[in-house]
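Novice: Right, I'll just put the structure down here and ask away after.
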Number of protein chains: 2
Amino acid sequence: MASRAAFQIIENCLTCEFRENRLFCNLPPDALQALQSIKSSSVYPKGTMLCLEGQPSRGIYVLCTGKAKLSTMSAEGRSIILRIAEPGEVLGLTAVVSGVPYESTAETLEPTQANFIPQREFLRFLEEHAEVGMKVAQQLTHNCHCAYQEIRSLGLSSSVTEKVAKLILAWAEHPLELSQTKPGEIPIRVTLTQEEIAQFVGTSRETVSRTLGDFRRKGWLRVKGATWWITNRAELAKIVTT
Amino acid sequence: MASRAAFQIIENCLTCEFRENRLFCNLPPDALQALQSIKSSSVYPKGTMLCLEGQPSRGIYVLCTGKAKLSTMSAEGRSIILRIAEPGEVLGLTAVVSGVPYESTAETLEPTQANFIPQREFLRFLEEHAEVGMKVAQQLTHNCHCAYQEIRSLGLSSSVTEKVAKLILAWAEHPLELSQTKPGEIPIRVTLTQEEIAQFVGTSRETVSRTLGDFRRKGWLRVKGATWWITNRAELAKIVTT
DNA sequence: TGCTGGCTGTGATCTTGATCACGGGAGTGA
DNA sequence: TCACTCCCGTGATCAAGATCACAGCCAGCA
């Protein structure tokens with residue numbers, strides 16, 4: 001289960017090899033330099049709560065590696081997953097920008113490196129580097145976009161089967177790189193439990209289990225631990241468009 | 001049905017009496033002056049489509065008076081309402097900021113005055129007036145906030161009854177000012193049809209009809225055309241918290 | 001005056017998926 | 001090695017709400 005490669009730590013934003021592909025990190029050199037001096041980088045184990053819904057905002061987190069699930073709860077304690085944040089994304093931005101409590105809970109799904117920037121320092125940084133404002137806007141836009149996707153999924157997809165298929169196909173956009181892959185099979189890494197998938201698509205755990213069982217029985221999917229293989233993408237896609 | 005008062009037109013942002021209470025309009029004088037020179041103000045009749053989902057973005061609209069419903073469609077043509085935009089809000093911001101097509105359709109629900117600002121001019125304006133970036137961020141934050149609310153409503157509320165009650169109570173936050181109001185009754189103006197309410201809460205028109213009928217029969221609600229009276233707010237609230 | 005089209009009320013039926021209940025397997029720590 | 005705790009699979013039951021079908025109402029209009 002542990003990854004074979006040692007966990008890679010990114011020391012310095014300026015020399016980070018991923019910087020250019022990432023939503024928030026690709027800043028002009030002077031801004032990066034300033035960012036470097038106010039951030040504090042840490043590695044958090046799986047299951048760490050970076051932000052807690054309803055807590056006063058302390059600052060933002062920029063994900064360097066790993067993933068975090070953002071979720072929100074109802075008064076009764078039921079919860080729903082808003083989205084999975086990827087490296088390069090900023091967490092807690094809405095709270096810090098508008099000076100309100102965190103609007104969602106962020107929990108790491110894997111060991112995750114993140115840069116924390118305290119609220120005051122970040123706001124000052126924002127004032128001094130106006131170009132960063134645009135990046136902030138883009139991250140917020142991305143949040144909105146994901147939220148709208150989720151709304152479409154919850155409100156417009158007719159059946160749970162369709163929603164689950166849609167989710168799996170979305171994952172298939174970023175397939176795993178494996179040496180021993182049969183042609184036509186798409187390997188993906190699934191870090192969510194069935195319970196969490198259920199929270200993502202707004203249904204119950206049992207229904208997800210049944211749906212996945214269905215897909216497997218039809219030969220559209222193979223599951224082994226956290227690694228899944230999509231064995232018939234076309235059929236899955238057919239469900240979604242219907 | 002027509003309002004007795006003549007439709008009030010706001011000529012000038014600098015002298016606009018509502019400016020201070022509004023999300024986007026309360027800008028520093030020099031920014032306002034610049035805005036004044038690039039905006040073009042119009043009054044649109046009810047039912048005008050200001051933005052169309054999927055169309056390339058041409059610019060943004062700032063609502064001065066009136067309301068607009070923002071909706072999005074699935075591939076099959078079913079549609080869902082994302083939120084109702086109020087005066088002071090900016091429409092089409094995500095599209096213009098990220099340079100992508102409009103993400104939702106905006107349709108006026110009443111005769112509506114709005115300031116249109118073309119994309120290029122707005123982006124230039126944004127560069128030259130860094131303070132505005134913060135307003136943009138706040139509007140985007142608001143969009144996110146509403147989207148998350150909607151997700152909670154769609155994914156976490158157990159019953160349709162609850163969602164409808166929640167919606168009505170949200171409207172009750174901005175009651176109508178009427179001369180002949182009985183004490184304890186909250187008059188509200190409802191510009192949505194039952195079909196649209198159904199799209200808002202993610203259910204069918206018939207179910208909304210039945211639910212409202214239920215509320216009326218229980219004496220919690222009185223309906224006359226577009227004016228409704230909430231006659232028992234406490235009972236409605238009871239449903240929501242359960 | 002009557003007609004037309006959009007909105008609303010309501011009955012009957014049928015499907016989906018929630019919920020309860022239980023067993024089984026895999027990892028983990030004492 | 002044995003509990004113990006998470007996950008996952010699956011059966012049975014049941015209710016909420018989608019869908020179809022139709023009728024009434026009202027405003028606007030010729």
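Novice: With angles folded into 0 to 90 degrees, how steeply does helix B:119-128 sit against the dominant principal axis of chain B? Use alpha carbons for both and round to 10.
Specialist: Approximately 70 degrees, to the nearest ten.
Novice: Add +1 for every Lys or Arg and -1 for every Asp or Glu among the other residues with Cβ under 12 Å from the Cβ of residue B:126, and state the total. Intermediate results must be reported in sequence, preceding the final value.
Specialist: Working: positive: B:120, B:124, B:135; negative: A:131, B:121, B:127, B:128, B:131.
Result for the neighbourhood of residue B:126: -2.
Novice: Can you count the Lys pairs in chain A with C-alpha separation below 27 Å, eight or more apart or on different chains?
Specialist: Counting lysine pairs in chain A gives 29.
Novice: How would A:11, A:131 line up from fewest to most surrounding beta-carbon atoms within 10 angstrom?
Specialist: Numbers: A:11 9, A:131 13.
If I rank by nearby Cβ atoms, fewest first, I get A:11, A:131.
Novice: Something else: Put a point 7 Å out from Cα along the line to Cβ at residue A:73; what are the distances to that point in the other copies, in nm, shortest first?
Specialist: Spelled out, the distances from residue A:73's label point are 4.0 nm.
Novice: Right, something else. Ordered shortest first, which distances in nm separate the 7 Å Cα→C-beta label point of residue A:235 from those of the other copies?
Specialist: 5.2
Novice: Please quote Rg/Rh for chain B to two decimal places, taking the Kirkwood radius as Rh and restricting both calculations to Cα atoms.
Specialist: Numbers: Rg = 19.2 Å, Rh = 19.4 Å.
Taking Rg over the Kirkwood Rh, I get 0.99.
Novice: What order do you get for A:40, B:204 when you list them from fewest to most C-beta neighbours inside 10 Å?
Specialist: On the way: A:40 10, B:204 14.
With the sparsest Cβ surroundings first, the list reads A:40, B:204.
Novice: If you take the alpha carbon radius of gyration of the range A:117-242 and divide it by 2.2 N^0.38 Å, what ratio comes out, to two decimals? Working shown, then result.
Specialist: On the way: Rg = 18.7 Å, N = 126, 2.2 N^0.38 = 13.8 Å.
So the Cα radius of gyration is 1.35 times the expected 2.2 N^0.38 Å.
Novice: Taking the Cβ of each residue in B:129, B:142 as the centre, tally the other Cβ atoms inside 10 Å and list the residues starting with the fewest. Walk me through the intermediate numbers first.
Specialist: Numbers: B:129 18, B:142 21.
So the residues, fewest neighbours to most, are B:129, B:142.
Novice: From other protein chains only, count the Cβ atoms within 10 Å of every residue's Cβ in B:155-166, then give the mean.
Specialist: Values: counts 17, 12, 3, 3, 0, 0, 0, 0, 0, 0, 0, 0.
Shielding by partners across B:155-166 averages 3.
Novice: In the range B:1-73, which trypsin sites (Lys or Arg not before Pro) are in a loop and have at most 12 other Cβ atoms within 10 Å, using DSSP for the loop call?
Specialist: Working: sites: B:4, B:19, B:22, B:39, B:46, B:58, B:67, B:69; in loops: B:4, B:22, B:39, B:46, B:58, B:67.
Filter output for the range B:1-73: B:4.
Novice: Among B:184, B:197, B:240, whose Cα lies farthest out toward the positive end of the dipole of the range B:175-242, if unit charges sit on the beta carbon of Lys, Arg (+1) and Asp, Glu (-1)?
Specialist: The residue sitting most towards the positive pole is B:184.
Novice: Residues in the range A:153-170, backbone N under 16 Å from the label point at residue B:100 (7 Å along the Cα-to-beta-carbon vector): list them, ranges by number please.
Specialist: Label zone hits: A:153, A:170.
Novice: In a shell of Cβ-Cβ distance under 12 Å around residue A:216, excluding residue A:216 itself, what net charge do Lys and Arg (+1) and Asp and Glu (-1) give? Provide the component values of the computation, followed by the final result.
Specialist: Values: positive: A:210, A:217, A:218, A:222, A:224; negative: A:214.
Value of the local net charge: +4.
Novice: Calculate the spin-label point distance for residue A:224 paired with residue B:58, positioning each point 7 Å from the Cα along the beta-carbon direction, and give it in nanometres.
Specialist: Each label point lies 7 Å from its Cα, and together they span 5.6 nm.
Novice: When a/c is below 1.5 the answer is rounded, else prolate if a/b is larger than b/c, else oblate, so apply that to the protein assembly as shown with a ≥ b ≥ c taken from the square roots of the Cα gyration tensor eigenvalues. Walk me through the numbers on the way to the answer.
Specialist: Details: a/c = 1.90, a/b = 1.23, b/c = 1.55.
Oblate.
Novice: Turning to a different aspect of this structure: In nm, one decimal, shortest first: how far is the label point of residue A:49 (7 Å from Cα along Cα to beta carbon) from the matching points in the other copies?
Specialist: 4.5
Novice: Taking a cut-off of 19 Å, what percent of all Cα-Cα pairs in the range B:188-242 are separated by more than that? Mind dumping the intermediate values first?
Specialist: Details: 426 of 1485 pairs.
Pairs farther apart than 19 Å: 29 percent.
Novice: Moving on. Counting helices only, and only those DSSP H runs with n ≥ 4, report the 222 nm mean residue ellipticity of chain B as the sum of -39,500 (n - 2.57) divided by its residues, in deg cm²/dmol to the nearest 500. Please report the intermediate quantities before stating the final value.
Specialist: On the way: 8 runs with 96 residues, N = 242.
The helix-only estimate for chain B comes to -12500 deg cm²/dmol at 222 nm.
Novice: Sticking with this one: Counting pairwise Cα distances across the range A:1-99, what percent come out greater than 19 angstrom?
Specialist: On the way: 2457 of 4851 pairs.
Summing the P(r) tail past 19 Å for the range A:1-99 gives 51 percent.
Since every read-out is calculated from the coordinates, none of them should be taken as a lab result. For clarity, every value in this text was computed on a predicted model and none was experimentally measured. Cβ coordinates were reconstructed from backbone atoms using ideal geometry, including for glycine residues, and neighbour counts include every protein chain displayed.
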